1. Return the sequence-ordered ³J(HN,Hα) values of the range 315-325 in whole Hz as given by the Karplus equation 6.51 cos²θ - 1.76 cosθ + 1.60 applied to θ = phi - 60°, using x for Gly and Pro.
2. Full extension from S313 to N121: what is 0.36 nm times the residue separation minus their Cα-Cα distance, to one decimal in nm?
3. Using the Cβ atoms and a cut-off under 15 Å, what net charge is assigned to the surroundings of G160, where Lys and Arg are +1 and Asp and Glu are -1?
4. Going highest first, how would you order 184-193, 288-297 by mean Cβ packing within 10 Å?
5. Which whole-number value in Å³ per residue fits the convex hull of the alpha carbons of the range 89-141?
6. Using amide H atoms built 1.01 Å from N in the peptide plane, name the residues 5+ places from M320, or on other chains, whose amide H lies under 5 Å from its own.
7. In Å and from the alpha-carbon atoms only, list the Rg and Dmax of the range 270-349.
8. Can you give the FRET efficiency for L207 and L96, using 1/(1 + (r/R0)^6), R0 = 45 Å, r = Cβ-Cβ distance, to the nearest 0.05?
Amino acid sequence: MDVQVGKLQAPPEVNENLPGAGSAMPGSVSGDAADPADWARILPNVSRIKRTSRRNFLITAGVSLALAGDMLFTRRVQAERRATKILRVPDSYSDLYFPKASWILFPGYKTSWEEAQWILNSLRPALHQRGRLAAVGYSNLGLDVDEIVREVILHVRELGLEKLYFYGHSFGGMLATQVAARLLELHGVETQLIVLDSSPFSRADVLDQSWFDGVVFLYENGFRIPSVLRGGYELGERVVHKDERTWRQILDQSLEQLSPIAPSSVLIQTESAYIYHFDGLRFAGKIGSAKMAFLGNSKDNTVNYESARAGWSKVFAANMKLPVLSTEGARPAHASPQWSADVYRPLLERVQNELEPLPPAPQEPSYQEPNGRVIRPA
């Protein structure tokens with residue numbers, strides 16, 4: 001017969017040291033008196049069981065509290081991200097010198113609000129030379145273009161912006177182009193510049209068609225992918241493409257997809273559907289005089305660099321001013337300004353200097369006397 005303490009199984013040595021069924025309790029009277037030494041051997045084991053039970057209780061209580069805290073944090077984060085939001089990144093330089101101009105980042109596939117702000121901070125030394133910094137934070141309820149256009153125009157009106165520069169990060173280039181067309185059509189607001197960072201022109205440019213098609217199929221048939229399943233797949237995908245990333249990048253990106261701050265599965269599936277159905281021809285000739293530049297990498301294993309660049313250059317020939325800007329040396333090769341800022345910053349400075357040059361510095365006031373002597377202020 002085994003001794004049970006609560007639901008814990010007694011260690012084998014306790015059972016071995018128990019007195020037999022006919023043994024009497026110490027202090028009792030029976031035919032065969034119990035050996036006091038038998039019970040003396042039990043006491044240390046009983047003490048150990050007590051300690052084990054207490055330790056398990058504390059561990060279980062700690063884990064429960066952690067899970068409860070995580071659930072509350074997750075619920076709060078998800079509740080805050082039920083609506084699309086323009087995420088501003090304060091910058092004293094651009095806020096002072098370019099108060100009427102703004103860069104707006106359209107984040108790429110599966111990019112969280114935090115990573116979008118990280119991208120802006122990584123590119124800050126280049127981008128703040130022309131405008132203030134902001135990014136679109138997509139709603140966890142799903143990608144909604146009308147909602148994005150509404151938030152952008154509210155941002156424009158609130159700050160009194162006169163110039164807009166769009167940075168399309170990966171699929172965000174598709175979205176930036178559509179938003180530019182909608183702003184011009186509905187509100188008469190023209191975008192000055194659109195940077196396409198490794199942006200596919202159509203779903204045909206996406207190399208991983210099996211995963212891509214599967215996500216869209218499941219979404220359009222009403223199935224929502226659990227976050228843990230998504231995170232597990234993405235971890236495997238990143239390990240397979242280890243040549244594109246360091247182990248630190250693999251760990252950081254995979255953990256982000258499983259954290260409370262990660263984009264919801266619904267958002268990711270709607271992003272997939274958006275890419276799948278995007279038709280750039282609908283917006284040809286509808287973005288006014290906006291200038292476009294395409295950044296890309298021939299080693300990109302996510303988007304076909306050649307076909308994507310060719311598609312944008314052909315359909316938006318009137319707008320494409322810098323179609324060949326290579327991000328060679330960036331890791332990962334696909335749209336990685338947050339990891340390879342040193343590669344991206346010089347390219348963005350070139351884009352701004354060539355397509356949006358600053359006005360020449362005003363000449364120093366002077367006065368020329370009749371005798372030809374020039375008088376300048378002290």
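1. Coupling constants for the range 315-325: 6, 10, 4, 6, 9, 6, 9, 10, x, 10, 10 Hz.
2. Working: separation 192, 0.36 × 192 = 69.12 nm, distance 2.90 nm.
So the extension gain works out to 66.2 nm.
3. Values: positive: R88, K100, R132, R157, K163; negative: D95, E158, E162.
Around G160, the surrounding residues sum to +2.
4. Values: 184-193: 16.4, 288-297: 22.6.
Highest-to-lowest ranking by the protection proxy: 288-297, 184-193.
5. Measuring per residue, one finds 73 Å³ for the Cα hull of the range 89-141.
6. Here the answer is M292, since their amide H atoms fall under 5 Å of that of M320.
7. Cα only, the range 270-349: 13.6, 35 Å (Rg, Dmax).
8. After rounding, the FRET efficiency stands at 0.55.
The values are calculated or read from the model by the stated rules, or taken from the named source; none is laboratory data. Bear in mind the structure is a predicted one, so any value in this text is a computation, not a measurement. Positions of Cβ are generated from backbone atoms using ideal geometry, with glycine treated the same way; all protein chains shown enter the neighbour counts. Just the protein is used for accessible areas: all its heavy atoms, side chains included, with ligands, DNA and RNA removed. Shrake-Rupley method; radii C 1.70, N 1.55, O 1.52, S 1.80 Å.
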